[in-house]
Number of protein chains: 2
Amino acid sequence: MRILLIGASGLLGRAVHDVLGVRHEVITASRSNGDLAIDITDPASIAAVYDEVGQVDAVACAAGSVPFKPLAELTREDYLAGVTDKVLGQIELVRQGAEHVTGSFTLISGVLAREPIRTGAVASLVNGALESFVMAAAVELPQRINAVSPTVFTEALDAYGDFFPGFEPVPVTAAARAYVKSIEGAATGQVYRLG
Amino acid sequence: MRILLIGASGLLGRAVHDVLGVRHEVITASRSNGDLAIDITDPASIAAVYDEVGQVDAVACAAGSVPFKPLAELTREDYLAGVTDKVLGQIELVRQGAEHVTGSFTLISGVLAREPIRTGAVASLVNGALESFVMAAAVELPQRINAVSPTVFTEALDAYGDFFPGFEPVPVTAAARAYVKSIEGAATGQVYRLG
């Protein structure tokens with residue numbers, strides 16, 4: 001397959017690239033590195049990437065950032081920033097992908113949709129939004145659509161472990177395999193929960 | 001208790017008013033009718049209402065609208081409109097309520113967080129966002145916070161039944177009772193799913 005991978009330069013994106021690259025042609029896009037530059041918060045940037053790549057069998061997204069702050073410090077702008085980036089950014093990949101993608105979309109969510117941590121309210125909101133969207137979009141979208149929803153990665157424990165006390169981590173390769181399941185499998189409307 | 005009820009003039013809001021009014025002082029606010037006028041999409045309007053009412057024991061929200069359209073017709077602005085109204089509107093009630101509310105917040109979600117219907121992608125996204133937010137906010141918020149998440153109301157079947165084929169409806173009084181459970185009970189971070 002010909003697969004457009006967004007967010008290819010992060011920890012998860014690199015693992016997804018490794019596992020997809022064995023059997024597929026992977027075109028990478030990310031904010032800084034990658035074959036193409038993309039800013040998913042900017043619809044024009046997404047349009048430019050689709051114009052450049054033309055038709056693909058699948059879009060895999062491993063991009064999307066949200067602010068982490070104590071609840072009492074969160075501004076209206078923080079909520080909007082998280083929604084604009086990880087939610088509307090990924091939805092715009094789906095919206096604009098209507099004419100460019102023949103097979104499937106795989107979006108990135110996360111464990112905070114189903115478990116709370118301190119400073120994680122925006123992340124929870126954003127991931128909950130994505131998981132319900134994927135379920136709903138699947139009944140109307142001609143392409144398949146799924147989400148990968150991992151807990152904290154083993155490889156990221158040094159950096160983020162203190163925010164996830166007692167959470168059992170998963171290796172990033174486990175999340176990457178879920179992208180393979182989504183892309184090569186037959187299911188739609190699924191949320192692949194890891195941890 | 002002294003309770004601020006937002007969205008008091010709708011089908012659900014009236015039922016919540018009926019059941020809370022028996023034992024509590026209910027101050028009503030809504031877009032058009034009610035003791036006070038409020039537009040939850042406008043932070044200044046929310047601030048004005050809180051200034052007017054001062055301290056309350058609980059805020060109950062039955063307001064929030066989202067666009068319903070076939071997925072292929074949904075614009076970026078439609079997604080943003082749903083988020084700005086039902087999600088950011090209710091979150092702004094919580095954010096600004098920090099200094100005005102001593103007891104609890106009860107927000108309105110809905111069945112589309114967990115079940116898809118055609119034209120319901122924005123509603124699913126919005127409700128999924130709210131339910132994960134409530135779970136997350138509960139671990140950091142001094143006040144309690146819960147959501148009521150009903151399926152289609154029996155009383156609304158004539159208007160909306162065709163969008164919910166085979167969905168078992170619930171009477172609006174059942175959803176109103178969930179507000180009582182949230183406000184008079186002890187739980188926080190809960191989503192009261194009806195149907």
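To the nearest whole number, what is the average tally of beta carbon atoms from other chains within 10 Å of the beta carbons of peptide A:8-19? Before the final figure, lay out the partial values.
On the way: counts 0, 0, 0, 0, 0, 0, 0, 0, 0, 0, 0, 0.
Per residue, the number of nearby Cβ atoms from other chains is 0 on average.
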Per residue of B:60-71, what is the mean number of Cβ atoms on other protein chains within 10 angstrom of that residue's Cβ?
1
To the nearest 10 square angstrom, what accessible area does B:H17 show with a 1.4 Å probe?
70 Å²
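How high is the relative contact order of chain B, in percent, counting Cα pairs under 8 Å that sit 6 or more residues apart? Walk me through the numbers before you get to the answer.
Details: 394 pairs, mean separation 40.2, N = 195.
Answer for chain B is 21 percent.
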The whole-number value in µm²/s of the Stokes-Einstein translational diffusion coefficient for segment A:2-194, with Rh from the Kirkwood sum over alpha carbon pairs at 25 °C and 0.890 mPa s, is 148 µm²/s
Spacing of the two label points (7 Å from each Cα toward its C-beta) at B:Q55 and A:E184, in nm:
6.3 nm
Starting at the first residue of segment A:128-139, write each ³J(HN,Hα) from the Karplus equation 6.51 cos²θ - 1.76 cosθ + 1.60 with θ = phi - 60°, in whole Hz, x for Gly and Pro.
x, 4, 5, 5, 6, 4, 4, 4, 6, 4, 4, 7
Dipole magnitude of segment A:2-194, debye to nearest 20 (Cβ charges: Lys/Arg +1, Asp/Glu -1, about Cα centre)
440 debye
Under the convention of a label 7 Å out along Cα→Cβ, give the distances in nm from A:G103 to the same position in every other copy, shortest first.
5.6
Could you pull the copy-to-copy label distances for B:T173, with points set 7 Å along Cα to Cβ, in nm to one decimal and sorted shortest first?
6.0
Cα-only Debye scattering, the protein assembly as shown: base-10 log of I(q)/I(0) at q = 0.07, 0.11, 0.12, 0.13 Å⁻¹:
-0.32, -0.76, -0.89, -1.02
Summing both sides, how much accessible area is buried between B and A? Use a 1.4 Å probe and give Å² to the nearest 100.
3000 Å²
Per residue of B:119-127, how many C-beta atoms from partner chains lie within 10 Å of its own C-beta, taken as a mean?
6
Picking from B:S32, B:G97, B:A62, whose Cα lies most toward the positive end of the charge dipole for segment B:26-115 (charges on Cβ: Lys, Arg +1; Asp, Glu -1)?
B:A62
Put a point 7 Å out from Cα along the line to Cβ at A:G185; what are the distances to that point in the other copies, in nm, shortest first?
3.3
Among the lysines, select those whose C-alpha is under 29 Å from the C-alpha of A:K69, and discard any that sit fewer than 8 residues away in the same chain.
A:K86, B:K86
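The values are calculated or read from the model by the stated rules, or taken from the named source; none is laboratory data. Keep in mind it's a predicted model, so treat the numbers as computed, not measured. Here Cβ is always computed from backbone atoms with ideal geometry, including for glycine, and neighbour counts include all displayed protein chains. Only protein heavy atoms, including side chains, enter the accessible area calculation; ligands, DNA and RNA are left aside. Shrake-Rupley method; radii C 1.70, N 1.55, O 1.52, S 1.80 Å.
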